[in-house]
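Quick notes on the structure that follows.
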Amino acid sequence: MKYLFAIGAVAAMCCAQAQAIDLAPSVSIGTTGFGAHVAMPLTQKLDVRVGANLFDYDYSGKRGSVDYNFQIKLRTVDLLLDLYPLQNGFRVTGGAIYNNNHVDAIGTPSVAGTYVLNGHTYSAADAGSINGRIDFRRFAPYLGIGWGSRPSAKGWSVNADVGAMFQGGARVSVDNSGCNLPGTMCATLQSDIQAEAASLHDKIDSYNIYPVVRLGAVYRF
């Protein structure tokens, strides 16, 4: 809920300035989360659009032999150029996205209180906590198409974006804390955890393109 207030605050600030200059604030929802943007014309057919997107989502699932609680956190900032080649709302969009999307993964023991790591079984009391993180490169190119009226068209309208954020391969890290085993066994545990991290990386490394689909509302003063 706090992120909805943040998006609303950004939209309100944009609206406060929109009458002074030719701006078009908008709010949206889609695969990048809840968003707030503002567009400004540069030429007769070209706009610049900037904004931010936020969303949190938790779910539990199994990856490899380990159960995790995944905390998905969408955090992106867009800097986009919208080209309107025709005399209608169709646009071609390109730009760059600051990509702070990431997933925090918290290992959860089985009902027997154990982890199975790289084929070896460890007591959760001995192995301690297992935590991971999945993220991608910070700056990602964006290319897409969409629909939206120009800032010169006053009043309410609907806009849409369909495109791709080229985020590159996933970066995966998995570690543990609080190992209560003898030193050599803790070293073996760490080796098994790194093997688990490599397995997790292999399962998600192909997700190097993030699909962007957004639907929003714009008010042009």
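The values are calculated or read from the model by the stated rules, or taken from the named source; none is laboratory data. Given the structure is predicted, the values throughout are model-derived calculations rather than measurements. Here Cβ is always computed from backbone atoms with ideal geometry, including for glycine, and neighbour counts include all displayed protein chains. Surface accessibility is based on the protein's heavy atoms, side chains included, excluding ligands, DNA and RNA. Shrake-Rupley method; radii C 1.70, N 1.55, O 1.52, S 1.80 Å.
The listed peptides 25-38, 188-201, ordered by packing as a protection proxy, come out as 25-38, 188-201 (highest mean of other Cβ atoms within 10 Å first).
Rolling a 1.4 angstrom probe over the protein heavy atoms with all chains in place gives the range 68-221 an accessible area of 48 Å² per residue. For the chain, a crude dipole built from +1 on the beta carbon of Lys and Arg and -1 on the beta carbon of Asp and Glu, taken about the Cα centre, is about 840 debye to the nearest 20. Helix 2-18 and the long axis of the chain differ in direction by around 20°, with both axes built from C-alpha atoms.
Among the protein heavy atoms of the chain, carbon and sulfur supply 65% of the accessible surface, probe 1.4 Å, non-protein parts ignored.
Among the lysines of the chain, pairs that are 8 or more positions apart or on different chains and have alpha carbons within less than 29 Å of each other number 5. Seen against the Cα atoms of the chain and their longest principal axis, helix 183-204 is set at about 40 degrees. Taken one residue at a time, the phi angles of the range 205-217 give Karplus couplings (6.51, -1.76, 1.60, θ = phi - 60°) of 5, 6, 7, 8, 10, 9, x, 10, 10, 9, 10, x, 10 Hz. Gly and Pro are set to x.
Taking all Cα pairs closer than 8 Å and separated by 6 or more residues, the relative contact order of the range 25-158 comes to 21 percent.
When each of the peptides 101-113, 164-176 is scored by the mean number of other C-beta atoms lying within 10 Å of its residues, the order from highest to lowest reads 164-176, 101-113.
The spacing between the range 47-94 and the range 145-221, judged by their C-alpha centroids, is 9 Å.
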